[in-house]
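Encoded as C-alpha coordinates, the structure appears first; notes follow it.
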Amino acid sequence: MGLFNFWKKSGKSLAGGGDKAPDAETLRQEVKELGLSADDVDITVEGDKVKLEGGTLSAEDREKVILAVGNVEGVAEVEASDSDDAVFHTVEEGESLWKIAEKTLGNGARYQEVFEANRPMLSDPDKIYPGQVLRIPQTKTA
(Lines give C-alpha, C1' and ligand atoms only; values in the text may rest on other atoms or scores of the structure.)
Protein backbone atom coordinates (compact mmCIF):
# COMPACT_ATOMS: atom_id res chain seq x y z
CA MET A 1 0.00 0.00 0.00
CA GLY A 2 1.35 3.40 -0.93
CA LEU A 3 0.22 6.62 0.75
CA PHE A 4 0.65 9.82 -1.26
CA ASN A 5 0.22 13.39 -0.02
CA PHE A 6 -1.38 16.23 -1.97
CA TRP A 7 -2.05 19.90 -1.29
CA LYS A 8 -5.64 19.89 -0.09
CA LYS A 9 -6.27 23.52 -1.03
CA SER A 10 -5.04 23.31 -4.63
CA GLY A 11 -6.14 21.38 -7.66
CA LYS A 12 -9.24 21.04 -9.75
CA SER A 13 -12.43 22.08 -7.95
CA LEU A 14 -15.03 19.32 -8.23
CA ALA A 15 -16.89 19.77 -4.94
CA GLY A 16 -17.59 23.50 -5.09
CA GLY A 17 -14.40 24.64 -3.36
CA GLY A 18 -13.35 24.61 0.25
CA ASP A 19 -11.95 21.76 2.30
CA LYS A 20 -14.55 19.17 1.39
CA ALA A 21 -13.33 16.34 -0.83
CA PRO A 22 -15.63 15.23 -3.65
CA ASP A 23 -17.52 11.98 -3.24
CA ALA A 24 -16.34 8.73 -4.82
CA GLU A 25 -18.74 8.96 -7.76
CA THR A 26 -17.52 12.46 -8.65
CA LEU A 27 -13.92 11.23 -8.57
CA ARG A 28 -14.84 8.18 -10.66
CA GLN A 29 -16.42 10.53 -13.23
CA GLU A 30 -13.28 12.72 -13.27
CA VAL A 31 -11.13 9.65 -14.00
CA LYS A 32 -13.50 8.64 -16.79
CA GLU A 33 -13.56 12.16 -18.32
CA LEU A 34 -9.76 12.10 -18.46
CA GLY A 35 -10.01 8.94 -20.54
CA LEU A 36 -8.46 6.71 -17.90
CA SER A 37 -9.89 3.25 -17.44
CA ALA A 38 -10.42 2.35 -13.80
CA ASP A 39 -13.78 0.61 -13.93
CA ASP A 40 -12.58 -2.29 -11.76
CA VAL A 41 -10.89 -0.06 -9.15
CA ASP A 42 -12.80 0.53 -5.92
CA ILE A 43 -12.69 4.26 -5.06
CA THR A 44 -13.73 5.31 -1.56
CA VAL A 45 -13.49 8.65 0.24
CA GLU A 46 -12.92 8.98 3.99
CA GLY A 47 -12.75 12.66 4.95
CA ASP A 48 -9.91 14.11 2.87
CA LYS A 49 -8.37 10.69 2.06
CA VAL A 50 -9.15 8.73 -1.11
CA LYS A 51 -8.56 4.98 -1.18
CA LEU A 52 -7.99 3.03 -4.39
CA GLU A 53 -8.21 -0.74 -4.09
CA GLY A 54 -8.20 -3.65 -6.50
CA GLY A 55 -8.24 -3.46 -10.22
CA THR A 56 -6.04 -4.81 -12.97
CA LEU A 57 -4.34 -1.57 -13.99
CA SER A 58 -0.75 -1.35 -15.18
CA ALA A 59 1.60 0.52 -12.83
CA GLU A 60 1.51 3.54 -15.17
CA ASP A 61 -2.28 3.64 -15.30
CA ARG A 62 -2.58 3.20 -11.51
CA GLU A 63 -0.20 6.13 -10.99
CA LYS A 64 -2.24 8.28 -13.39
CA VAL A 65 -5.45 7.44 -11.50
CA ILE A 66 -3.71 8.39 -8.23
CA LEU A 67 -2.85 11.78 -9.74
CA ALA A 68 -6.30 12.24 -11.29
CA VAL A 69 -8.02 11.88 -7.91
CA GLY A 70 -5.24 13.44 -5.80
CA ASN A 71 -4.85 16.67 -7.77
CA VAL A 72 -8.39 17.64 -6.79
CA GLU A 73 -9.24 20.37 -4.29
CA GLY A 74 -10.17 18.86 -0.93
CA VAL A 75 -8.04 15.72 -1.30
CA ALA A 76 -5.04 15.54 1.05
CA GLU A 77 -4.03 11.88 0.66
CA VAL A 78 -4.46 8.97 -1.70
CA GLU A 79 -3.87 5.45 -0.48
CA ALA A 80 -3.40 2.89 -3.25
CA SER A 81 -2.54 -0.76 -3.41
CA ASP A 82 0.29 -1.96 -5.67
CA SER A 83 1.89 1.49 -5.99
CA ASP A 84 4.94 1.35 -3.74
CA ASP A 85 7.34 2.03 -6.62
CA ALA A 86 5.59 5.20 -7.82
CA VAL A 87 7.75 8.34 -7.99
CA PHE A 88 5.95 11.68 -7.77
CA HIS A 89 7.11 15.29 -7.55
CA THR A 90 5.18 18.20 -6.03
CA VAL A 91 5.54 21.35 -8.12
CA GLU A 92 7.12 24.25 -6.24
CA GLU A 93 6.72 27.97 -6.96
CA GLY A 94 8.76 28.98 -10.01
CA GLU A 95 9.35 25.47 -11.32
CA SER A 96 8.93 24.46 -14.95
CA LEU A 97 8.86 20.98 -16.44
CA TRP A 98 12.45 21.64 -17.58
CA LYS A 99 13.57 22.33 -14.00
CA ILE A 100 11.64 19.31 -12.72
CA ALA A 101 13.22 17.02 -15.35
CA GLU A 102 16.64 18.43 -14.49
CA LYS A 103 16.07 17.78 -10.77
CA THR A 104 14.44 14.34 -11.05
CA LEU A 105 15.86 12.85 -14.25
CA GLY A 106 19.21 14.63 -14.39
CA ASN A 107 18.55 16.42 -17.69
CA GLY A 108 16.15 19.29 -18.34
CA ALA A 109 15.85 18.31 -21.99
CA ARG A 110 13.87 15.27 -20.78
CA TYR A 111 10.95 17.54 -19.79
CA GLN A 112 8.87 16.06 -22.61
CA GLU A 113 9.07 12.65 -20.88
CA VAL A 114 7.59 14.18 -17.72
CA PHE A 115 4.89 15.87 -19.80
CA GLU A 116 3.98 12.62 -21.59
CA ALA A 117 3.97 10.70 -18.30
CA ASN A 118 1.29 13.07 -17.00
CA ARG A 119 -1.05 13.09 -19.99
CA PRO A 120 -4.05 13.40 -20.08
CA MET A 121 -3.96 15.36 -16.80
CA LEU A 122 -1.58 17.86 -18.43
CA SER A 123 -2.65 19.38 -21.71
CA ASP A 124 0.26 21.82 -22.09
CA PRO A 125 3.84 21.66 -20.72
CA ASP A 126 3.55 25.27 -19.54
CA LYS A 127 0.36 24.76 -17.53
CA ILE A 128 1.54 23.46 -14.18
CA TYR A 129 0.90 25.06 -10.79
CA PRO A 130 2.47 25.02 -7.32
CA GLY A 131 1.15 22.13 -5.28
CA GLN A 132 0.34 19.99 -8.30
CA VAL A 133 1.75 16.49 -8.05
CA LEU A 134 3.34 15.02 -11.17
CA ARG A 135 4.35 11.50 -12.09
CA ILE A 136 8.07 11.04 -12.78
CA PRO A 137 8.72 8.26 -15.32
CA GLN A 138 11.31 5.72 -14.25
CA THR A 139 12.15 4.56 -17.76
CA LYS A 140 12.53 6.62 -20.91
CA THR A 141 9.24 6.88 -22.79
CA ALA A 142 9.04 6.49 -26.54
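The values are calculated or read from the model by the stated rules, or taken from the named source; none is laboratory data. No experiment lies behind these values; they were computed from the predicted model shown. Don't worry about glycine lacking a Cβ; one is built from the backbone with ideal geometry, like all the others, and counts go over all protein chains shown. Please note that ligands, DNA and RNA were not included when accessible areas were found on the heavy atoms of the full protein model with its side chains. Shrake-Rupley method; radii C 1.70, N 1.55, O 1.52, S 1.80 Å.
For the chain, with all protein chains in place and a probe radius of 1.4 Å, 46% of the accessible heavy-atom surface sits on carbon or sulfur. Ordering of 66-78, 47-59 by packing is 66-78, 47-59, highest average first (other Cβ atoms within 10 Å, averaged per residue). Under 27 Å of direct C-alpha separation, and excluding same-chain neighbours fewer than eight residues apart, LYS20 reaches these lysines: LYS8, LYS9, LYS12, LYS32, LYS49, LYS51, LYS64, LYS127.
Segment ASP23..TYR129, full-extension length gain: 35.8 nm, with 0.36 nm per residue of separation and the alpha-carbon distance subtracted. Taking every alpha-carbon pair under 8 Å whose residues sit at least 6 apart, the chain reaches a relative contact order of 28 percent. Averaging the sequence gap over all C-alpha pairs within less than 8 Å and six or more residues apart, then dividing by the number of residues, gives the stretch 40-106 a relative contact order of 27 percent. First check a/c for the stretch 65-132, with a ≥ b ≥ c the square roots of the eigenvalues of its C-alpha gyration tensor; if it is under 1.5, answer rounded, and if not, answer prolate when a/b is larger than b/c or oblate otherwise. Prolate, because a/c is 1.5 or more and a/b exceeds b/c.
Shape class for the stretch 33-91: rounded, because the ratio a/c of the largest to smallest gyration tensor axis (alpha-carbon atoms, square roots of eigenvalues) is under 1.5.
Taking every protein chain into account, the accessible area of the chain amounts to 51 square angstrom per residue (probe 1.4 Å). The angle between the Cα long axis of helix 24-33 and the longest principal axis of the Cα atoms of the chain comes to about 40 degrees, rounded to the nearest 10.
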